[in-house]
Amino acid sequence: MIDRRSALALGATGSLGLALPTGTIGRTPAAVTTTGQRHADLGNGTFLNPVLAGDFPDPTVLKDGDDYYLTHSSFEASPGLLIWHSRDLVNWAPVCTALDEPLGTVFAVDLVKHAGRYFIYIPFMAAPWSVGLKSFANIFVIHADSIRGPWSKPIDLGIGELIDPGHVVDEDGKRHLFLSGVNRVRLSDDGLSTDGPVVPAYSGWKYPDDWVVEAYSLEGPKLFRRGDYFYLITAVGGTGGPPTGHMVAVARSRSIYGPWEDCPHNPIVHTLNAAEKWHSRGHASIFEGPAGDWWMIYHGYENGYRTLGRQTLLEPVGWSKDGWPLALGRDLARTLGKPRKGIAGPHGIVWADDFATFALGTRWRFYNQPPGERSRARVQDGALVLEAKGSGPQDCSPLTHPVGDHSYDCAVSITLEDGVEAGLLLFFNDRLFLGMGYDGKNMTSYRGGKASYWSEPVATGQSIDLRIVNDRNIVTMYHRVAGDDWVRHAVRSEVSGYNANTVDDLASLRPALFACGKGRAQFRSYRYTAGVAVG
């Protein structure tokens with residue numbers, strides 16, 4: 001019997017006859033950057049987490065031959081479900097978006113391939129603008145013959161009040177979904193409908209009652225088969241709240257019908273104290289790597305940078321002599337050896353934009369945009385033309401992009417039309433944001449999700465440049481008119497509190513462009529420069 005702390009130590013040192021990948025234990029350097037943005041690949045056979053910097057939570061990974069595909073919860077983003085591709089698990093490039101018009105808020109999905117067809121099983125949570133959803137949580141599926149699409153319209157599976165679908169094929173070749181709880185439902189052979197009732201499947205591994213967690217929250221079931229066993233990976237402890245809450249637990253059975261045996265060294269991943277670099281680590285998928293080795297991808301909050309959301313983390317996995325997975329990355333604060341035989345490819349998305357084309361769904365995504373409103377934004381003559389909506393940042397469905405850098409400088413040039421107010425924000429959600437808006441006469445400063453008491457002096461006109469610098473959670477705002485120097489605003493902000501634990505919303509603080517009131521605004525030459533990431 002291996003206790004929890006012993007298992008973590010064994011995983012770190014390579015005991016039990018486990019060989020760590022080359023370069024697993026190393027110094028803690030500053031990460032190599034591409035265009036200044038954080039990049040996990042250090043160029044010397046090692047990497048430093050995160051592999052996807054920024055708010056890319058609840059990752060689901062599909063191994064498809066030599067290729068790996070990943071997607072994640074997209075929540076209020078429209079378009080949603082950005083799919084990434086890799087051949088080495090460290091470098092990830094965007095492929096496409098699979099969900100043009102979400103039916104609601106998109107929680108954790110499962111990306112699978114079966115009989116030559118790709119499927120994504122999706123929980124839609126009812127949003128204020130949702131139409132036709134039968135309950136608060138609703139499981140749908142989309143499918144495609146190619147990972148690049150076109151993807152089908154969502155198909156309702158008729159499963160309500162459950163989330164986190166995990167697909168598995170049983171010992172007789174029949175398809176099933178495991179769901180939060182943990183519950184199970186059999187699927188039809190084509191995977192597009194259910195073939196039986198939802199039934200309880202597993203009661204979950206229980207941690208000691210005195211552990212400091214957010215809530216029990218048995219969720220995130222992901223399944224795979226290795227040898228004679230089906231392995232069931234779950235998340236418990238809650239995805240936010242205390243740093244020590246979220247964790248990864250494992251059970252196994254010779255049949256998907258059970259009985260399930262809990263791993264003797266659960267949890268295999270767990271933040272032990274608030275001093276660690278990564279907090280609330282959980283919601284894992286375990287899969288085979290390029291060289292036949294094993295790896296795990298999950299999410300976590302970065303210590304001191306909860307504003308960046310839940311970032312995607314990669315960890316090597318070994319196997320004990322009695323067939324249980326062991327996490328080998330310790331607390332992920334140090335460099336790790338890259339997967340052997342993996343082929344590095346391009347990585348990431350450059351956030352700067354000259355608006356030659358409209359990178360909607362990759363670089364930019366609408367926040368909480370109802371279906372059918374995409375036409376309010378278009379690219380024309382090197383400008384993003386955005387039609388006004390709502391009365392302010394809180395109800396205008398701004399265009400946002402995620403960030404994964406500790407420090408960055410973003411700026412944009414704006415031309416106003418027909419009395420619009422337009423601006424640049426750091427946006428968490430419709431209740432929490434900061435930034436500035438300009439209507440040609442007045443500058444409105446926003447802090448704490450509302451207009452600030454401070455009225456920044458500004459010249460009248462139809463054009464202005466706006467700039468926000470976030471230096472390790474200290475935010476400074478600027479503006480200028482053509483030909484003039486930047487004017488620094490009188491009020492600075494400290495934004496470490498703009499996070500999920502403040503407003504109970506699993507989001508991140510990210511740059512945003514907005515237009516409200518009436519008329520339209522033109523945005524040109526969006527600049528984004530990242531600072532050097534602190535290792």
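Just the residues that are hydrophobic (A, V, I, L, M, F, W, C) and touching a Pro at 6+ places or on another chain (Cβ under 8 Å), please, taken from the range 329-342.
Hit for the range 329-342 is 336, nothing else.
Scanning the range 355-404 for residues that are surrounded by 18 or more Cβ atoms within 10 Å (Cβ to Cβ) and hydroxyl-bearing (Ser, Thr, Tyr) turns up 367, 397, 400. Pick from the range 464-523 the residues that are more than 26 Å from residue 366 (Cβ to Cβ) and aliphatic (A, V, I, L, M): which of them is surrounded by the fewest Cβ atoms within 10 Å (Cβ to Cβ)? Per the stated criteria, the residue is 482.
The strands (runs of 3 or more DSSP E) falling completely within the range 452-535 that include 2 or more residues that are of a type in the set (Gly, Ala, Ser) and in contact (Cβ under 8 Å) with a residue 60 or more places away in the chain map to 510-516, 520-530.
Considering only residues in the range 405-444 that are of a type in the set (Asp, Glu) and open to solvent by 10 Å² or more (accessible area, probe 1.4 Å), the one that is modelled with the lowest pLDDT turns out to be 418. Search the range 132-166 for residues being free of Cβ contacts under 8 Å to residues at least 12 places away in the same chain and of a type outside the set (D, E, K, R), and hand back the single one that is most open to solvent (accessible area, probe 1.4 Å). Here the answer is 150. Criterion applied to 344, 352 was being within 22 Å of the chain's Cα centre (by Cα), farther than 27 Å from residue 231 by Cβ, open to solvent by 50 Å² or more (accessible area, probe 1.4 Å) and modelled with pLDDT of 95 or more, and the one residue passing it is 344. Taken residue by residue, the range 358-369 has at least one member that is in contact with a helix residue (DSSP H, G or I) (Cβ under 9 Å, 6 or more places away or on another chain) and not in a loop (DSSP other than H, G, I, E, B). From the set of residues in the range 59-79 that are part of a loop (DSSP other than H, G, I, E, B) and farther than 21 Å from residue 283 by Cα, which is nearest to the chain's Cα centre (by Cα)? Among residues in the range 59-79 that are part of a loop (DSSP other than H, G, I, E, B) and farther than 21 Å from residue 283 by Cα, the one nearest to the chain's Cα centre (by Cα) is 79. Among the residues making up the range 102-140, those that are aromatic (Phe, Trp, Tyr) and within 25 Å of residue 312 (Cα to Cα) are 107, 118, 119, 121, 124, 140. Among strands (runs of 3 or more DSSP E) entirely within the range 107-196, having at least 1 residues that are out of contact with any Lys or Arg (no Cβ under 9 Å at 6 or more places or on another chain) singles out 110-114, 117-125, 137-144, 155-160, 175-179, 183-186.
The values are calculated or read from the model by the stated rules, or taken from the named source; none is laboratory data. Everything numeric here is computed off the predicted structure, so don't read it as measured data. Here the Cβ is made from the backbone with ideal geometry for all residues, glycine too, and neighbour counts use every protein chain on show. Protein only, heavy atoms only, side chains kept; ligands, DNA and RNA dropped before computing areas. Shrake-Rupley method; radii C 1.70, N 1.55, O 1.52, S 1.80 Å.
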